[in-house]
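Read the structure below first, then the notes.
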Amino acid sequence: MVNTVVIDKRQLTAPLQLMLKILADDRRVRWNDHAELFAGMDWEAFIKLARHHRVYPYLYTRLKDIGHDLVPLPVLRGFYQEYCNNTFIMLGLCGEMERICKHFDEAHIRPLLLKGPVLAADLYGDISQRTSCDLDILIPIRDLLHAEAGLLELGYIKDDYIDTVLNDWKWRHHHTTFKHPRTGIKVELHWRLNPAPSKEPAFEELWSRRRRSPLSSYPLFYLGREDLFLFLVTHGARHG
């Protein structure tokens, strides 16, 4: 028997209730019929929530449709500015993602993209509607040293060094981090989806179910639909 937990949304704050309702909007909602949700809204708290949950780009696309009759113009303008800033960041990540994947391909390393712009395109059909601050790339563990050398050639600097005893890094950790000193872009180079001892599909299995992203004419590959679902659920659970 499965125990179901029901959340009484009336116990949530008004800004959180409004944010959840807008995020669930299927574009058929007549917002003027729900004007009471916007009356007396604490917009400062609403903005903080949107930033905390990093949903402000997606929220902006909904808020601009709702319009300034219900949403104050300064709030709309603030969200628009953050939406534009995020779009530029995502475009920069797209270019760097392609540059790294080309470099890996030339070195006969098969990269699988985990999140970043390819996830935004997959979930929303638009890279501007999701935030991302880094690139996560999965490779076979046997190619790790080769891939690290490739990132160094591209100007990246290794950002963390793993202390290891008897080669335990292979299961205690699942990625290493690099940062580009000029662009500030961070790359997490993965050899597992999650730290061991969790069970997960082997790289060859994930590669066999890969999908090609429509973001570029250059072949960029990312996880198959079920594998991506598994990764996002376990990744989200690890981060609480």
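Please tell me the relative contact order of the chain in percent, rounded to the nearest whole number, where contacts are Cα pairs under 8 Å and at least six residues apart. Don't skip to the end; give the middle numbers.
Working: 273 pairs, mean separation 34.9, N = 240.
Taking the mean separation of contacting Cα pairs over the length of the chain, I get 15 percent.
GluC sites (Glu not before Pro) within region 202-240: which are DSSP loop residues with at most 14 other Cβ atoms inside 10 Å?
Filter output for region 202-240: empty list.
Sum -39500 (n - 2.57) across every DSSP H segment of at least 4 residues in the chain, then divide by the residue count to get the 222 nm mean residue ellipticity, nearest 500. Mind showing how you got there, number by number?
On the way: 9 runs with 108 residues, N = 240.
Calculated mean residue ellipticity at 222 nm is -14000 deg cm²/dmol.
Kindly report the accessible area of the chain per residue (heavy atoms of protein chains, probe 1.4 Å, no ligands, DNA or RNA), in Å². Write down the numbers at each step before the final one.
On the way: 13910 Å² over 240 residues.
Ligands and nucleic acids excluded, the figure is 58 Å² per residue.
Once each part is reduced to its C-alpha centroid, what is the distance from region 139-155 to region 70-87 in angstrom?
One Cα centre to the other: 39 Å.
Shape verdict for the chain, please, from the Cα gyration tensor: rounded (a/c under 1.5), prolate (a/b greater than b/c) or oblate.
prolate
Using only the alpha-carbon atoms, how far is helix 14-23 inclined from the longest principal axis of the chain? Give it as 0 to 90 degrees, nearest 10.
60
Leaving out ligands, DNA and RNA, what percent of the accessible area of the chain is carbon and sulfur, probe 1.4 Å?
The C+S portion of the solvent-accessible surface of the chain is 55 percent.
For helix 225-238, report the angle its Cα long axis makes with the longest principal axis of the Cα atoms of the chain; keep it between 0 and 90° and round to the nearest 10°.
Orientation of helix 225-238: about 80 degrees from the principal axis.
Which of the pairs Lys48/Lys158; Lys9/Lys199; Lys115/Lys158; Lys158/Lys199; Lys115/Lys199; Lys64/Lys102 have their Cα atoms more than 30 Å apart in this structure?
Listed pairs above 30 Å: Lys48/Lys158; Lys9/Lys199; Lys64/Lys102.
Mind jotting down the distance between the C-alpha centroids of region 189-240 and region 99-133, whole Å?
11
Work through the residues other than Asn85 whose Cβ is under 14 Å from its Cβ and net out their charges, Lys, Arg +1 and Asp, Glu -1.
Result for the neighbourhood of Asn85: +3.
Going 7 Å from the Cα of Thr234 toward and past its Cβ, which residues in region 194-213 have a backbone nitrogen under 19 Å from where you end up?
Output list for this probe position: 194-211.
How would you order 29-38, 139-148 from highest to lowest mean count of nearby Cβ atoms within 10 Å? Provide the component values of the computation, followed by the final result.
Working: 29-38: 12.2, 139-148: 16.1.
Those peptides, ordered most packed to least, come out 139-148, 29-38.
The values are calculated or read from the model by the stated rules, or taken from the named source; none is laboratory data. Quick caveat: nothing in here was measured; it's all calculated off a predicted structure. Note: ideal-geometry Cβ built from the backbone for every residue, glycine included; neighbour counts use all protein chains shown. Accessible surface areas use protein heavy atoms only, side chains included; no ligands, DNA or RNA. Shrake-Rupley method; radii C 1.70, N 1.55, O 1.52, S 1.80 Å.
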